[in-house]
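Scroll down for the structure; my scribbles are underneath it.
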Amino acid sequence: MPYGLDSVKPTEIAEHDLLNKSDLSEKSDKLSVQSRSVKSVDDETSSLLMIESGNMAKEKWKSDCVNIRSNGKNEQTKRENAEHRLSILSIVYNPTAHPTSYLNTLINMLKGNVGCGILAMGDAFKNGGLFLSPILTCIIGIICVYNQHVLVQCSKSVKEKLKLQHNPQFAETVELSFQSGPQRFQSYSVFFRNSVNSFIVITQLGFCCVYILFVSKSIQQVLSWYNIQLDVHVSILISMVPIMISSLIRSLKFIARLSAVANICMLVGLVVILYYCTIDLPPLSSRSAIAHWTTIPLFFGTSIFSFEGISLVLPLEQEMKKPKQFSTPFGVLNVGMVIVTSFIVLTGFMGYLKFGDAVRGSLTLNLPEEFLLSKVVISSMMFGIICTYTLQFYVPVEILWPKVEQKFGPFRSPLLWETGLRVILVLITFIAADVIPHLSLFISMMGAVASTFLALIFPPLCHMAVTSADDGGNGYGVFSWRLVMNCVTLVLGALGFVTGTYASVYEIIGAFQKVVVTAAAVTNSTSVNNYTTALEAH
């Protein structure tokens, strides 16, 4: 008899068993449920980690997660990789309650791709030339659409291969593509996942900086019509008030309503601007057909920035009633990007043709005071941009807040800490905008640095990892045309990143030097005038 039971009478044991029969049955039920849940977790773990052979042992998985000793950098990296793969299990696929139709998804795609970038295309065409720029824009658009198709295909391949119950998003697709690829790719999976998240944060905060500059420049323009001259730094400070208030909105439902209002304002403003650009057009020969080669990288940065919707591709496809309608030849992706590219080419062509070398970083800045609808257009687009800032700002907060909470939490007042994070991020965007108060150069730099990686670098790398693992590279098509396209895209992305970043930084330094020279000239002129006045007084 087990220790401790020899002194207990049989009747007491019977009574004890009788009294706790219901408790034991409940416990057994709970244990059975737990065992089933553990089994389901183990099954899901195995499905996530199975490569093509499908024979990764659970004991090996447990040793990766639990028994790794932290005795070096490689071991710490393995631990982080294992913990992240385990965190994937917490992601549960919840089908959308309101799946979207073809038309609704198309409208959402147009809304996600039409922003400040399209208003800067007039300046981009100045850097590319009136006839060369449309050709280059169409080529960039085709490559972007190809990469978006590649991203959708990689997401589906990863889901089928690993038998996932949820649809992987951008960063997870990149990570699992490398994780399920050849051995030489697997060690870089977590690095590329972190890289994608980092570039998404940089891109979204870059959008926010552009929006700040747009609002501040618009404030300057409107006040100048009333003979009120503001320094750009003062106008940035004024724009901080409404933007800071809007950035503290945490309800995604309310943000979505603001986004709908912003889209209406942006669409109306864009139509009015295009209408104004058709009035009294100069001859085509008055504009440069092909710009100097040194400004082409600036064109590249601005144009790639205008194709800013790659992060929306997977969510839009996954929310459709019929997801197959997204990637077909006449699906949402192709039709939507044809419309977006047409808008970009039309806006850039008409803007540069109308204003020539005087075109500004945003076409709204070229609207004159005497134009009847100028104030209405600028005011409505300012409001739309402030609302759009709130939506774009939501993404980096959603990426960064869990990391902050994991590293420094748990917090007694999570709301207070999240508010602090939001305030810090807003201040960072304002400081960046104040340091580089040149709208067109900021747009070009953000496009060359961040948008290039998201749109041109990561998708072909994912495709190469998945295809190499699937069938030894036979999925590249006839004459390996997909591999050739991937290589061309990577070369174009690398070249655009290097040249675009260099040209943008060079132009920004030149702009600062002009400011310094101008300030020195004004100071010297003032000193000379004071000296002359003093001599005349004597």
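The values are calculated or read from the model by the stated rules, or taken from the named source; none is laboratory data. All values derive from a computational prediction rather than experimental measurement. Methodologically, a virtual Cβ is constructed for each residue, glycine included, from the backbone with ideal geometry; neighbour enumeration extends over all protein chains shown. Accessible surface areas use protein heavy atoms only, side chains included; no ligands, DNA or RNA. Shrake-Rupley method; radii C 1.70, N 1.55, O 1.52, S 1.80 Å.
Which cross-chain or sequence-distant (5 or more) residues have an amide H under 5 Å from the amide H of THR100, H modelled 1.01 Å from N in plane?
When sequence neighbours closer than 5 places are left aside, the close amide H contacts are MET320, LYS321.
Give a residue-ordered list of calculated ³J(HN,Hα) values for region 264-279 (Karplus: 6.51 cos²θ - 1.76 cosθ + 1.60, θ = phi - 60°; whole Hz; x for Gly, Pro).
Running phi through 6.51 cos²θ - 1.76 cosθ + 1.60 with θ = phi - 60° gives 5, 4, 5, 5, 4, x, 5, 5, 5, 5, 5, 5, 5, 5, 8, 8 Hz.
Please give me, ordered by residue number, the chymotrypsin sites (Phe, Trp or Tyr not before Pro) of region 382-428 that lie in loop per DSSP and have at most 16 other Cβ atoms within 10 Å.
PHE411
Please compute the Cα-Cα pair-distance distribution of region 375-490 with 5 Å bins starting at 0, giving whole percents from short to long.
Cα pair-distance distribution for region 375-490, in percent: 2, 8, 11, 13, 13, 11, 12, 11, 9, 7, 3, 1, 0.
Let me spell out the model: positive unit charges on the Cβ of Lys and Arg, negative unit charges on the Cβ of Asp and Glu, origin at the Cα centre of region 119-179. What dipole size does that give, in debye rounded to 20?
180
Answer with one residue from GLY269, THR295, LEU314: the one whose Cα lies farthest towards the positive end of the charge dipole of region 232-322, charges on Cβ with Lys, Arg +1 and Asp, Glu -1.
LEU314
Work out the charge dipole of region 281-426 with +1 on the Cβ of Lys and Arg and -1 on the Cβ of Asp and Glu about the Cα centre, then indicate which of TYR352, GLN325, TRP401 is farthest towards its positive end.
My answer, from the dipole projection, is GLN325.
Take the alpha carbon gyration tensor of region 249-315, find the square roots of its eigenvalues, order them as a ≥ b ≥ c, and report rounded if a/c is under 1.5; if not, report prolate when a/b exceeds b/c, else oblate.
Cα axes put region 249-315 in the oblate bin.
Within region 392-432, report the trypsin sites (Lys or Arg not before Pro) that DSSP leaves as loop and that have at most 10 other Cβ atoms within 10 Å.
ARG412
With a ≥ b ≥ c the root eigenvalues of the C-alpha gyration tensor of region 294-413, is it rounded (a/c under 1.5), prolate (a/b larger than b/c) or oblate?
oblate
Let me check I've understood the local charge: for PRO323, count other residues with C-beta under 12 angstrom from its C-beta, Lys and Arg +1, Asp and Glu -1. What total comes out?
For residues surrounding PRO323, the net value is +3.
Of the heavy-atom accessible surface of region 229-384 (probe 1.4 angstrom), what whole percent is carbon and sulfur?
Heavy-atom surface of region 229-384 belonging to carbon and sulfur, 1.4 Å probe: 70 percent.
Which pairs in the list LYS163/LYS322; LYS321/LYS403; LYS163/LYS321; LYS324/LYS407; LYS111/LYS217 are over 31 Å apart, alpha-carbon to alpha-carbon?
LYS321/LYS403; LYS324/LYS407
Suppose all protein chains stay in the model; what accessible area per residue would a 1.4 Å probe give for region 291-362, in Å²?
About 39 Å² of surface per residue is accessible.
Count neighbours as other Cβ atoms within 10 Å of each site's Cβ, and list the trypsin sites (Lys or Arg not before Pro) in region 284-327 that are DSSP loop with at most 13 such neighbours. Working shown, then result.
On the way: sites: ARG287, LYS321, LYS324; in loops: ARG287, LYS321.
Within region 284-327, the qualifying trypsin sites (Lys or Arg not before Pro) (loop, at most 13 other Cβ atoms within 10 Å) are LYS321.
Collect residues whose amide H, placed 1.01 Å from N in the peptide plane, falls under 5 Å from the amide H of GLY361; neighbours closer than 5 in sequence don't count.
It is SER440, by chain and number.
Amide H neighbours of LEU230 under 5 Å, counting only residues 5+ apart in sequence or on other chains, H built in-plane at 1.01 Å?
Distant-sequence amide H within range of LEU230: zero hits.
Assigning unit charges at the beta carbon (Lys, Arg +1; Asp, Glu -1) and nothing else, what dipole magnitude in debye, to the nearest 20, does region 225-331 show about its Cα centre?
Dipole size: approximately 480 debye.
With charges set only on the Cβ (+1 for Lys and Arg, -1 for Asp and Glu), what does the dipole of region 374-517 come to about its Cα centre, in debye to the nearest 20?
320
How big is D for region 116-186, in µm² s⁻¹ as a whole number, if Stokes-Einstein is applied with the Kirkwood radius of its Cα pairs at 37 °C and 0.692 mPa s?
The diffusion coefficient I find is 223 µm²/s.
Looking at ILE304, GLN179, LEU205, which one has the Cα that reaches farthest to the positive end of the dipole of region 164-310 (charges on Cβ: Lys, Arg +1; Asp, Glu -1)?
Selected residue: GLN179.
Once you order the gyration tensor axes a ≥ b ≥ c over the Cα atoms, which shape class does region 191-274 get: rounded for a/c under 1.5, otherwise prolate or oblate by comparing a/b with b/c?
Details: a/c = 1.92, a/b = 1.51, b/c = 1.28.
Prolate.
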